[in-house]
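See below for the structure under consideration.
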Amino acid sequence: MVARILEDERYTGKHDYPPVIDQEILTRALAKRRAKHVLSQKTQAQKILRRLSGQAATKSMEVQVLNLLNRLVTSPDRVKLPETMPSNQSEVHKLQHELEQVMEEQPIEEEKAQKLILSMAAAQYTAITSCEYETIRLRRVLSRHAIMAELDAELLQSIVAAIHCYADGTLDVYLKNDQIIGRGDM
């Protein structure tokens, strides 16, 4: 009730209301309330940092993430491909060998060659893991991005899966291809 009185000039006697508070007191009270209500507006990047880390974004966190992402922007090849060999790579080699044999025979059996080519494409497609796809996508996104003076919310959201903050103030950034960059990369 008091808060509403302190927000409304009608209670100073304006607009046929009985005066409940003096105009000078109302003016000072409003000035004091405005000084208290200076809320810091969070940037979109700070909101995303909070969501990714599970804690309030600090200036130190912003600077560390910005530095790590700028390093990736300047050198996208730091985003590493997974080291495991796809399991059905032998299937691709077998189909490729069969195709070479079909292509050497004259006349070429076009229908058989076409089926082998489609089977090879399907095998190569299934050989690509989500980590490999994400790595290629991340490299492409980073190579097209310019060095940042401040954190870019869109880039942050498109390449970072999570951020882990440590008690000593350092952090690790988990990229969407399951790669971790951070404390050892600074």
Return yes when MET61 is of a type outside the set (Ser, Thr, Tyr), surrounded by 11 or more Cβ atoms within 10 Å (Cβ to Cβ), within 19 Å of GLN157 (Cα to Cα) and modelled with pLDDT of 85 or more and no when it is not.
yes
Assuming TYR166 fulfils every condition listed in (1) without any contact (Cβ under 8 Å) to a residue 60 or more places away in the chain; (2) open to solvent by 80 Å² or more (accessible area, probe 1.4 Å); (3) not polar (S, T, N, Q) apart from one, which condition is it?
(2)
Considering only region 13-30, how many residues are of a type in the set (Lys, Arg) and farther than 15 Å from ALA3 by Cα?
1
Any hit, region 74-84, residues being of a type in the set (Ser, Thr, Tyr), open to solvent by 90 Å² or more (accessible area, probe 1.4 Å) and either part of a helix (DSSP H, G or I) or under 21 Å from GLY184 (Cβ atoms) (or both)
yes
Those residues of region 45-58 which are open to solvent by 30 Å² or more (accessible area, probe 1.4 Å) and either in contact with a Pro (Cβ under 7 Å, 6 or more places away or on another chain) or β-branched (Val, Ile, Thr) (or both), in sequence order
THR58
Looking only at region 126-157, count every residue that is over 26 Å from VAL63 (Cβ atoms), open to solvent by 50 Å² or more (accessible area, probe 1.4 Å) and aliphatic (A, V, I, L, M) and tell me the total.
2
Answer yes or no as to whether ASP178 is under 21 Å from LYS80 (Cβ atoms), open to solvent by 50 Å² or more (accessible area, probe 1.4 Å) and not β-branched (Val, Ile, Thr).
yes
Would a scan of region 18-33 turn up a residue that is in a helix (DSSP H, G or I), within 30 Å of ALA56 (Cβ to Cβ), open to solvent by 90 Å² or more (accessible area, probe 1.4 Å) and modelled with pLDDT under 80?
no
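The values are calculated or read from the model by the stated rules, or taken from the named source; none is laboratory data. Bear in mind the structure is a predicted one, so any value in this text is a computation, not a measurement. Note: ideal-geometry Cβ built from the backbone for every residue, glycine included; neighbour counts use all protein chains shown. The accessibility values were calculated without ligands, DNA or RNA, using every heavy atom of the protein model including side chains. Shrake-Rupley method; radii C 1.70, N 1.55, O 1.52, S 1.80 Å.
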